[in-house]
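Following: one structure in structure tokens, then a few remarks.
The values are calculated or read from the model by the stated rules, or taken from the named source; none is laboratory data. Quick caveat: nothing in here was measured; it's all calculated off a predicted structure. Cβ placement follows ideal geometry from the backbone for every residue including glycine, while neighbour counts extend to all protein chains displayed. Quick note on the areas: whole protein, heavy atoms, side chains included, nothing else; ligands and nucleic acids left out. Shrake-Rupley method; radii C 1.70, N 1.55, O 1.52, S 1.80 Å.
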Amino acid sequence: MRLTKLGHSCVRLQKDDRTLVIDPGVLTPEGDALAGADAVLITHEHFDHYQAERLRQALTDDPRLTVYTCRAVAGDLDDLGDRVRTVGDGDSLTIAGFDVAVAGQKHEVVHPDVPPVENIGFLIDGEVFHPGDAFTVLEAPTLLVPGQAPWMKAPEMIEYLRAVAPRRAYAVHDGLLNDFGLGLLDNQLKGESEHQKAEFRRLQRGESVELAP
């Protein structure tokens, strides 16, 4: 399976000429992020993960394309019928030849006065886990770890890496960082990589890796 990092929290997963795209939001500038995708997975409703107009246009352009997401996003797209399918914590299904397990329920706390929205994560082929905006702990050889957000502190990223203890972790959710912030994130990942004797790093936009068992 090939993993390609796009802008912010968006990734493409490719296997046997099939493609999944996860979380193409406003902070994903690549115009071809959804090109050739068989399905799109959306973790939650926030703009940096979900852009309704972009998704609607992609569904119009490609009649094969389907969307799997949480209740709030599915409700926003309910006029599209069964091309948008609601999934939740504990669901297991096959999407475009990939085995997908859904895990997680709520977004991390953004503000003490604002209840967290629904957030689901996706474990693909038992290999790579995209948690969305949550620190959902499960067994995953490859973790797409949030690198920076208004709702998290750097020690929480480290604690999450230690709780999951993956063989590989690649940072996502980095679209708000300038060059200085990206350099700091790189150093934090490098230090924890050495501590756990695992591969933790940030992929450049457009960079791909092959995920071998």
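Counting only residues at least eight positions apart within a chain, or on another chain, the aspartates and glutamates with an alpha carbon under 20 Å from that of Lys106 are Asp23, Glu45, Asp48, Asp76, Asp89, Asp91, Glu118, Asp133, Glu139, Glu156, Glu159.
Counting only protein heavy atoms, what percent of the accessible surface of the chain is carbon or sulfur at a 1.4 Å probe?
Details: 4830 of 9690 Å².
About 50 percent, which is the carbon plus sulfur part of the accessible surface.
Arg83 sits among other residues whose Cβ lies under 11 Å from its own Cβ, and their net charge, with Lys and Arg +1 and Asp and Glu -1, is -1.
Quick check for you: which residues of segment 44-69 have the amide N under 17 Å from the point 7 Å beyond the Cα of Asp82 toward its beta carbon? Hits in segment 44-69 for Asp82 at 17 Å: 63-69.
For Thr66, the accessible surface of its heavy atoms amounts to roughly 20 Å² (probe 1.4 Å, protein chains only, rounded to the nearest 10).
Using a simple spin-label model with pseudo-atoms 7 Å out from Cα toward Cβ, Leu184 and Thr94 lie 4.7 nm apart. Peptides 110-116, 147-153, 5-11 ordered by packing proxy, namely the average of other Cβ atoms within 10 Å per residue, highest first: 5-11, 147-153, 110-116.
If you sort Arg54, Arg162 by accessible surface, 1.4 Å probe, largest first, the order is Arg162, Arg54.
Along its three principal directions, the equivalent ellipsoid of segment 122-201 from the Cα gyration tensor extends over semi-axes of 19, 14, 11 Å, largest first. Relative intensity of segment 1-143 on a log10 scale, I(q)/I(0) at q = 0.21 Å⁻¹, equals -1.43, per a Debye sum over C-alpha point scatterers of equal strength in the absence of solvent.
For the chain, the mean residue ellipticity at 222 nm estimated from helices alone is -6500 deg cm²/dmol, where every DSSP H run of n ≥ 4 contributes -39500 (n - 2.57) and the total is divided by all residues, rounded to the nearest 500. A Förster distance of 30 Å, applied to the separation of the beta-carbon atoms of Glu139 and His195, puts the FRET efficiency at 0.95. What the phi angles of segment 21-37 give under the Karplus curve with 6.51, -1.76 and 1.60, with θ = phi - 60°, is a coupling list of 10, 10, 6, x, x, 5, 8, 10, x, 4, x, 9, 4, 9, 4, x, 5 Hz, glycine and proline written as x. Taking the Cβ of Ile120 as the centre, find all other residues whose Cβ is under 14 Å away and add up their charges (Lys, Arg: +1; Asp, Glu: -1). Once positives and negatives cancel, what remains is -4. Nearest 10 degrees is fine. How inclined is helix 179-196 to the longest principal axis of the chain, computing both from alpha carbons? On a 0 to 90 degree scale, this one is about 70.
Please state the charge dipole magnitude for the chain, taken about the Cα centre, from unit charges on C-beta atoms (+1 on K and R, -1 on D and E), reported in debye and rounded to the nearest 20. Intermediate results must be reported in sequence, preceding the final value.
Details: 21 positive and 35 negative charges, 94 e Å.
Roughly 460 debye, rounded to the nearest 20.
Annotation: lysines with alpha-carbon distance below 21 angstrom to Lys190 (same-chain offsets under eight excluded): Lys5, Lys153.
Along segment 130-138 the Karplus relation, 6.51 cos²θ - 1.76 cosθ + 1.60 evaluated at θ = phi - 60°, assigns HN-Hα couplings of 9, x, x, 9, 7, 9, 6, 9, 8 Hz to successive residues, with x for each Gly and Pro.
For the chain, with every protein chain kept in place, what is the accessible area per residue (1.4 Å probe, Å²)? About 45 Å² of surface per residue is accessible.
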